[in-house]
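K.L.:
First the structure, then my questions, so here it is.
The values are calculated or read from the model by the stated rules, or taken from the named source; none is laboratory data. Here the structure is a predicted model, which is why all the values come from computation and not from measurement. Neighbour counts are summed over all protein chains in view; Cβ atoms, including those assigned to glycine, are modelled from backbone coordinates with ideal geometry.
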């Protein structure tokens, strides 16, 4: 674990990455809540998801334009076919969250998302699927995921 932290550089960089991760997690809950409200207005989680991605694409396009980073798009076609599936996965995640929050609540949704992420991450890390760096499956890592799963079970009670 100490080696992972050393790769992040300075203590300030470490704190920034932790803060950014916490903010991203908070934005997932915020996004789910505002999408549920939009879905109630439109009567369609799928249309809400489409609007979410259109607004997101316009926002990112503006940011990239402002920072002069649009030139990277010219080589996007060089990526392997499966690299394009990130957009599909994102749409399914947002659509699923928009549909599920009214039925199970945001806390349960986040707990389930984290459980699914942790289980899948163990496999991706261990086997290096899709070119991610490998990190072996260890007992402490497995116990951590089991504890997360237990937390989901407790939250659902």
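K.L.:
List every residue pair whose Cβ atoms lie under 7 Å apart, where the two residues are 6 or more positions apart in sequence or sit on different chains, the first residue falls within segment 120-135 and is under 15 Å from residue 82 (Cβ atoms), and the second residue, located anywhere, is outside any helix (DSSP H, G or I) and at pLDDT 95 or above.
P.N.:
Filtered contacts from segment 120-135: 128/134.
K.L.:
Would you check if there is a residue in segment 81-88 being out of contact with any helix residue (DSSP H, G or I) (no Cβ under 9 Å at 6 or more places or on another chain), modelled with pLDDT under 95, in the same structural domain as residue 51 (by TED's automatic domain parsing) and more than 23 Å from residue 27 (Cβ to Cβ)?
P.N.:
Yes, segment 81-88 contains a residue that is out of contact with any helix residue (DSSP H, G or I) (no Cβ under 9 Å at 6 or more places or on another chain), modelled with pLDDT under 95, in the same structural domain as residue 51 (by TED's automatic domain parsing) and more than 23 Å from residue 27 (Cβ to Cβ).
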